[in-house]
Every structure is written in C-alpha cells, then in structure tokens.
Protein chains: 2
Amino acid sequence: MSEEARPAKNGKKADSTAYLFEQFRVGRGCLGYVVADRKGGIAAVVDPEAGMVEPMLDYVFEHALRLRYVVDTHTHADHFSGARELKAKTVAKVVMHEKAPASCVDFRIEDGDRLWLGALPLKFIHTPGHAKDLVSVLLPGRILSADALLIGSCGRTDLPNGNPTRQYHTLYYIYRSLPEELSVYPGHDYNDRTHSTLAEEKRSNPKMLFASEEEFVEYMERENPGKLSPVHQLADALKANMA
Amino acid sequence: MSEEARPAKNGKKADSTAYLFEQFRVGRGCLGYVVADRKGGIAAVVDPEAGMVEPMLDYVFEHALRLRYVVDTHTHADHFSGARELKAKTVAKVVMHEKAPASCVDFRIEDGDRLWLGALPLKFIHTPGHAKDLVSVLLPGRILSADALLIGSCGRTDLPNGNPTRQYHTLYYIYRSLPEELSVYPGHDYNDRTHSTLAEEKRSNPKMLFASEEEFVEYMERENPGKLSPVHQLADALKANMA
C-alpha cells in the first residue's frame, strides 16, 4: 500500500511521484488517501472512514506533515465519515462539494475549483450520479474517483441522491474525456486491488461500454434494487454524515 | 429562418423533423427558439429575448400550440429576457437551472433532467462557464447550445458568474463527447448564420482545439477583458434578469 515519494527523474514521469501519496483500507473495502506536497509537507486527507482516523493521524505525524484539508468526496451512505473527528483533532478544514448538507463543512467547492497543497494542485471535478454532491479529485497522474468509477464497475445509483442519467454523463462525458494514462484510485474495492488505469477502464469496464444512455439507465435501474445487497448501516451512516 | 415540420420519411432522419422547430432572431444577433410536439401541439420557447415575445406569441397562436414552458438557458447578461412577460401573458411555466436567481422561475432543473412536450423530450445538460446556471438543451438531432458553444467560438467567461475552467470542462468533456451529427443552434450569432453541426465545430472551432486546459484558460483570461467590447446594457440586463 505504501508508495513513498521518489525524486523526480524527468519531466513527465516526475509528476505523480513528486508528492506523498498513501492509500488506507479498512474492512468492507473502503479506501481513503493521504496526499501531501513533498516540499512544504502540506497535506490533505481524502475520504477518511472513521476507522482510518488514527492510522491517518499516525501517518501525518510520522511524516511531519501539516494537515490542512479533510476532503470528503461525497455524503457517504455506506460508512461513517471520519471528517468531523479529524477536524476536532487537528486544525484541518473540511472540504466538500457545495451540495453537501453536512454542517461541519468549512469550504464548499464546485466543479473546476482547485485547492493547493503548496505547489501541488487538487482539482475537483463534479461527477454526480452515485450521489449528487460527488466530486472526483484530480492529482498529477492520478484521479481519486470515489464511487464515480470503481475498478471494473461504478457506484450504484439507487441510494438517496443517486441518479443514473447523471452517472451516465459522469462516465460517458467526463471520464471518457480524461487522459488514458491517469491512474484510477477508487473509493472502494472489494477485491483487494489498489488501483487501475483509465485506459484499462475505458477498454474493459462494462459500465463504460453501454451503447446508449437509455440502455445504461435501464440496466442501472434494474440491477440496483434487484441484485445489489442492502447497504450496511445505510440510515445510520447517512444520518451521521449529513449532520 | 422557417423550418416547418416535415413528415418523417424513415427511422433515423425522422427525429429532428418530427417536431416543430422555429428560430427567432433580433438585433445584436440574439437567437431564440420555439419547439413543439407535432401531435399534441405542446410547446416550449427557449431564450425569448424581450423583442421576441410578440413574434413568438404570434407563432404559437398561428400554429395553435399550447405553450407550456418558457426556458431561459441562463441568466443573460447581454439582453433582456422576455420570460417574465411570456409568463404573464400565458399559462406557461418558467424553467431554469437550479442556480438561476430569478424569482419568476417555476421549475428549477439540474443536469440530466428532462421535460416532455408530449412525446418530445427536452434534455438539459449543465454546461457552465459562460454563466454558472447555463444549460444546453438537447433535442432529437439538435442541441440548443446557448453561449456554451457558438458557431466558431464560445461565450466569454469574464462576465459575472463566468469561469474559464468550467467552460473548458463544458467544451472538452461534454461537447466533445456528444454525437457529431447533432445540429448546433446557438444563443447568438453575429454573422447571420442559423446553425452549424457538432462535427464542424469539433473540426474547426478554435475554442475546441486548445492543447490543454492551461492554454485555454490563459487565452480566455487574456482575450476577454482585453479585446472584447463592453457588453450592451450589462448592469441593467443582469438586474432585470436576476430579479
């Protein structure tokens, strides 16, 4: 899981290794991230599940980072966010999309906005469908895709604030337009995979290969309530994360 | 300007001629539209400039249409909207994006929403950049692109609520992903052209041919305040249209 910064060797390749990047995993396949500018040590955490708070703080302190932002990519319906706890334990500010209802949010961002960790840009792309307040986070060489794009799949669209047409736009307009060489780091993976590439997802992800919006929407509306299992602690998680 | 409905001849070609579609033009190159389902005569007007209200109403009455919706694609900064007057003179409801501030709006739509004129769908795609509340309207075979995509250009991004990064997303993620065979009907044209095709715009529109977001944004930030002329009645138009 560890992927420490390596010194930049040349122009293009340098980008994605020129910053600290660490993936955290807890039970049920939730993935969270710590990202930091190498030079100034200014850091952000992305999607801290409640169980990640202590390991993330350990990582931050061990690497002498200054935690400035806690980003929740959306209002999670399937796990408890650790954002509020991180905010209480540090000076970090909570960042979410402008549509997020949570009262603990300090900065509400929109599509196209950027946060800077020193010289490192985090760019937000509004990619709703799984949730209306979902943003993907674009880093040099990587995209943190949350539930907008999972490895070989995408997030379900039948939960509160889900919408299969908007998910179609997200996959077929936005993700199809992004560069193939991006590494994709999702918000969940249930098969112990850490990441994929956008080239691979464009080639083989069945959710990106429907012939039309109508077929995609029909599939999502049929699959979701019929075949997917009920979400663990849905009501409790939503209640806590929206508060 | 007139393009009356013709009977459908075959499967694919039928779509864009199976409904009434009329373009209206007033001074300074503002373009507005009347769209109606042929069967039931249920109609919508899109982007009625104040001077179009009477000609549009004449058209509606002459064709025995039932005007149900008045769509403003965004809060116009360069002309006075006739939406409020149309609402006062008919039973039509005003439709705008959820971010539109105007108090006369009855239905606030989001990306991916559809309105139906009988069997005819109007699909809204959120395409901000020129204005944060700008939606393009997708019809069978046509897209009403407002200021998101002009023939050979795109709307400026330096007016209130403009944002060049979001305009980049609109052109390079959304418009690049839409089918080439769409006819493009913009909200303005200063050279008496009525429409274009998306294939032609993808091929030759300089605003769609930048190599990177950075170059596009830099160009828009340099061109807009420096070279473009001041907008006619900007403050008055915004004040009226936001009210």
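The values are calculated or read from the model by the stated rules, or taken from the named source; none is laboratory data. Source: prediction; values computed, not measured. No Cβ is skipped: glycine too gets one built from the backbone with ideal geometry, and neighbour counts run over all protein chains shown. Protein only, heavy atoms only, side chains kept; ligands, DNA and RNA dropped before computing areas. Shrake-Rupley method; radii C 1.70, N 1.55, O 1.52, S 1.80 Å.
Structure notes:
- The residue list A:THR90, A:THR73 contains one member that is modelled with pLDDT of 95 or more, closer than 22 Å to A:MET52 by Cα and more than 15 Å from the chain's Cα centre (by Cα), which is A:THR90.
- Set B:THR157, B:THR165, B:THR170: member being crowded, with 16+ Cβ neighbours inside 10 Å, within 14 Å of another protein chain (Cβ to nearest Cβ) and touching a residue at least 60 places away in the same chain (Cβ under 8 Å): B:THR157
- Number of residues in segment B:97-112 that are buried (at least 20 other Cβ atoms within 10 Å of the Cβ), more than 14 Å from every other protein chain (Cβ to nearest Cβ) and not in a loop (DSSP other than H, G, I, E, B) equals 0.
- Test for B:ASN241: is it modelled with pLDDT of 95 or more and under 22 Å from B:PHE124 (Cβ atoms): no
- Just one of (1) away from chain B (no Cβ under 14 Å); (2) open to solvent by less than 20 Å² (accessible area, probe 1.4 Å); (3) touching a His at 6+ places or on another chain (Cβ under 9 Å) fails for A:LEU144. It is (3).
- Taking segment A:61-72 as the range and being on the phi > 0 side of the Ramachandran plot and part of a strand (DSSP E or B) as the test, no residue passes.
- Verdict on A:MET220 being under 30 Å from A:ALA50 (Cα atoms), touching a Pro at 6+ places or on another chain (Cβ under 6 Å) and open to solvent by less than 60 Å² (accessible area, probe 1.4 Å): yes
- Residues of segment A:113-127 that are within 13 Å of chain B (Cβ to nearest Cβ) and either part of a strand (DSSP E or B) or open to solvent by 10 Å² or more (accessible area, probe 1.4 Å) (or both): A:ASP113, A:ARG114, A:PRO121, A:LYS123, A:PHE124, A:ILE125, A:HIS126.
- Which listed residue, of A:ARG84, A:ARG68, is touching a Cys at 6+ places or on another chain (Cβ under 7 Å) and buried (at least 18 other Cβ atoms within 10 Å of the Cβ): A:ARG84
- Residue check for A:LEU178: aliphatic (A, V, I, L, M), within 12 Å of chain B (Cβ to nearest Cβ) and open to solvent by 30 Å² or more (accessible area, probe 1.4 Å): no
- Taken residue by residue, segment A:195-212 has at least one member that is open to solvent by 10 Å² or more (accessible area, probe 1.4 Å) and either within 11 Å of chain B (Cβ to nearest Cβ) or within 16 Å of B:GLY112 (Cα to Cα) (or both).
- Test: residue in segment B:109-129 that is more than 29 Å from A:PHE216 (Cα to Cα) and in contact with a strand residue (DSSP E or B) (Cβ under 7 Å, 6 or more places away or on another chain): no
- Residue that is in contact with a strand residue (DSSP E or B) (Cβ under 6 Å, 6 or more places away or on another chain), away from chain A (no Cβ under 14 Å) and either open to solvent by less than 30 Å² (accessible area, probe 1.4 Å) or farther than 23 Å from A:ASN163 by Cα (or both), where the choices are B:VAL135, B:VAL94: B:VAL94
- Wholly within segment B:1-60, strands (runs of 3 or more DSSP E) carrying at least 2 residues that are modelled with pLDDT of 95 or more and aromatic (Phe, Trp, Tyr): B:19-26
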